[in-house]
Amino acid sequence: MINNQKFHIIRVFVFGTLLKGERFDFYMGGSTFKGTYYSRGQLMMAENGSVYIDTKDHTAFTMGEVHLVDFSCLQRINHLESHSGEFPKGYDLTLIPTWSLEKNPDHNFKLENAEFCFYYRRRNEPIKIIGGDYKAFQDNVEVIGNFLKEEKNRELTEEDIMNFMKNKMLLDF
């Protein structure tokens, strides 16, 4: 039996206090740093001092880092971003296209060159509930955890998780 929850196969894009050297970088402990990346969208600061990406701005970009994490690291980050008193239930996990600064230094936003990553979107942006059925709504961290448990007979890769979640989520890039 394979324990996919222990492998560093979940790509996460961080752009604020989780960056190396920043206040909450210890939450990334045990992760694998993949490189400096950027996403499409304007980095913004909320009233409470937390930062988020305005993904509607397709001319600006936000610099950050991509890390490969295991499921327990994702759960730690999720607690900070969605449940702790630091950022009270302010963010939800979703996908965002990112580009490697090393491979794409001219900030070309072609989706065919993008690597999709998980990131935390500010909760004041609407969440689409597919089919309009609230009972069908699921927390993405829970969906990832269930997928990792179900796939115990094969070793998963980063792309397996991304492809599975792309099929589960309604994306509008």
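Just so it is clear, none of the values below were taken in a lab; they were calculated from the coordinates. Just so it is clear, the model here is predicted, and its values are computed rather than measured. Don't worry about glycine lacking a Cβ; one is built from the backbone with ideal geometry, like all the others, and counts go over all protein chains shown.
Tabulated data
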| read-out | value |
| --- | --- |
| Integer Hz, Karplus 6.51/-1.76/1.60 couplings in order for region 68-75, x for Gly and Pro | 9, 10, 8, 5, 5, 5, 4, 5 |
| Difference of contour (0.36 nm per residue) and Cα-Cα distance, ARG123 to THR36 | 28.8 nm |
| Listed residue pairs exceeding 22 Å between alpha carbons, taken from LYS34/LYS152; LYS6/LYS152; LYS6/LYS34; LYS34/LYS110 | LYS34/LYS152 |
| Helix-only [θ]222 nm of the chain, DSSP H runs n ≥ 4, -39500 (n - 2.57) each, per residue, nearest 500 | -5000 deg cm²/dmol |
| Cα-centred dipole magnitude for the chain, charges only on beta-carbon of K, R (+1) and D, E (-1), debye, nearest 20 | 200 |
| Per-residue ³J(HN,Hα) for region 147-162, Karplus 6.51 cos²θ - 1.76 cosθ + 1.60, θ = phi - 60°, Hz, x for Gly and Pro | 4, 4, 5, 5, 8, 6, 9, 8, 7, 8, 10, 4, 5, 4, 5, 4 |
| Cut-off under 5 Å, modelled amide H: who pairs with TYR37 long-range | GLY64, GLU65, VAL66, LEU101 |
| When region 1-119 is reduced to its Cα atoms, the Kirkwood hydrodynamic radius in Å | 14.8 |
